[in-house]
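Readers should treat all values here as calculations from the given coordinates under stated rules, not as data from a laboratory. What you are looking at is a predicted structure, and each value in this text was computed from that prediction instead of being measured. Using ideal geometry, Cβ is built from the backbone for each residue, glycine included, and neighbour counts are taken over all protein chains shown.
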Amino acid sequence: MAAIGTQYMMQSGLAAGMSATEGHRSLQPMPVDPNLTDPPYVLEPDFTPDSQSRIVLRTKSGKDVSIPYMSIGAWSWGDKATFGYNATKDLPRIHAAWEKLKAVGLTFVDTAQAYGDGESERICGTLFRGMPRDSFIVQTKWQSLPDMTNVLLQSHSPKKRLKGSLSRLGLDYVDIYLVHGPVHPTSFSSVAKGLAECVEEGLTRAVGVANYDTKEMIRMADELEKHGVPLSVSQCEYSVIRRVPEVSGMIRECRRRNICFQGFASLAEGRLTGKYSRGEEPRRTLRFSSYPMHLLEPTIDVLKSVAAKRRVPVPAVALNYAINKGVVPLVGVRDAEQAQQDMQALGWRLSEEEIQRIEEVSISGNTTSKLQHG
């Protein structure tokens, strides 16, 4: 089973500086150097992703893993420490959201062993029940933070942890298995060996990393290659107000190596939805891109302006921006209304002029040595 209290340990770590806007650092947003940015359009100009469009990930087995251009983040499902999850109130809403997402084919879910001490994976299992296995994609993450299981088992820890995930999910395999962070007690070679073992035994089809910087990502890719396993995914926080993976060159390197780049906290934990304001700040447990709302007003105003012109919800504009930049955004969904808003990010594309307006008020963001290396 997942370690009891992991969700609280993770929240405490984020508060202590694992998140790049927490700890002893300035909260003054850093502007983006336009000389370091990628072009407005990374996707082919004549291609408009919709809910049925798919990206094919590299795998060793040759069995394709095809993912939509948006993933549903399941951190809030079952997590009390950060999101105050209440099963009586929240579980029916999650199921209602899932029905909406299923109807349009957005059935790619990102979860983790640490989310809700494994409860997120259990909830995912209830959603998948009765569905054909090829009708959904599930991605979970190895709890890489140091603990005695990882220290004692070394390269066998990813497999042991994944078997626990599969039990909670009620599945024989996951589609994608990520290392949750670059802070792990064993060497890169040991982690790569463990991930390769999971692939060889059919417990996952593809593997990747989260929160690694570019050099670490390449190092893990090289270690995996020794086992004939490609690095399929790199995941970091990315949004209009945290463009570090872009300006650092990571997204460009991912494209060069045919690695899918995923961006979590793509709505900055609600800050880019129009829900919050200087008079109504998000709860303090929402620590990614946690700038005070008055500092984000110029960015929010532009997103609202574009949304009004496009006649779409504000979250759809922020998500569409990420997709245009070659990012697969991960967006947390807790109810049917959020699902309805988020799915409107697909089927259209921002103009180059609109992207430039958004980028003029975007933020570079920071990194931290404790978790968010990339």
(request) Quick one: ALA96 ticks every box in (1) hydrophobic (A, V, I, L, M, F, W, C); (2) over 25 Å from GLN11 (Cα atoms); (3) touching a Lys or Arg at 6+ places or on another chain (Cβ under 6 Å) except a single one, so which number is it? (result) (3)
(request) Go through the stretch 261-281 residue by residue and tally those that are touching a helix residue (DSSP H, G or I) at 6+ places or on another chain (Cβ under 7 Å) and either outside any loop (DSSP other than H, G, I, E, B) or buried (at least 16 other Cβ atoms within 10 Å of the Cβ) (or both). (result) 10
(request) May I ask you to list the residues in the stretch 335-349 that are in contact with a Lys or Arg (Cβ under 8 Å, 6 or more places away or on another chain) and surrounded by 19 or more Cβ atoms within 10 Å (Cβ to Cβ)? (result) ALA339, MET343
(request) Please list, ordered by first then second residue, the pairs with beta carbon atoms under 9 Å, 6 or more apart or interchain, first in the stretch 254-276 and at negative phi, second surrounded by 20 or more Cβ atoms within 10 Å (Cβ to Cβ) and basic (Lys, Arg). (result) GLY263/ARG242; GLY263/LYS325
(message) Restricting to the stretch 311-331, name every residue that is under 18 Å from PHE47 (Cβ atoms) and touching a residue at least 40 places away in the same chain (Cβ under 8 Å).
(response) LEU319, TYR321, ALA322, ILE323, ASN324, LYS325, GLY326, VAL327, VAL328, PRO329
(request) Would you please list the contacts, defined by Cβ atoms under 6 Å and residues six or more apart or on different chains, that run from a residue in the stretch 101-112 that is in contact (Cβ under 8 Å) with a residue 60 or more places away in the chain to a residue that is buried (at least 24 other Cβ atoms within 10 Å of the Cβ) and among the β-branched types (Val, Ile, Thr)? (result) ALA112/THR140
(request) Could you list all residues from the stretch 205-246 that are β-branched (Val, Ile, Thr), over 17 Å from ILE55 (Cβ atoms) and within 18 Å of the chain's Cα centre (by Cα)? (result) VAL209, THR214, VAL240, ILE241, VAL244
(message) Considering only the stretch 140-148, I want to know if a residue exists there that is farther than 20 Å from ASN211 by Cβ and not aliphatic (A, V, I, L, M).
(response) no
(message) Quick check on ARG256: is it more than 22 Å from the chain's Cα centre (by Cα) and either under 30 Å from SER66 (Cβ atoms) or crowded, with 22+ Cβ neighbours inside 10 Å (or both)?
(response) no
(message) Step by step: first the residues of the stretch 77-116, then only those that are assigned to a loop (DSSP other than H, G, I, E, B) and more than 17 Å from ALA210 (Cβ to Cβ), then the one that is farthest from the chain's Cα centre (by Cα). Which residue is that?
(response) ASN86
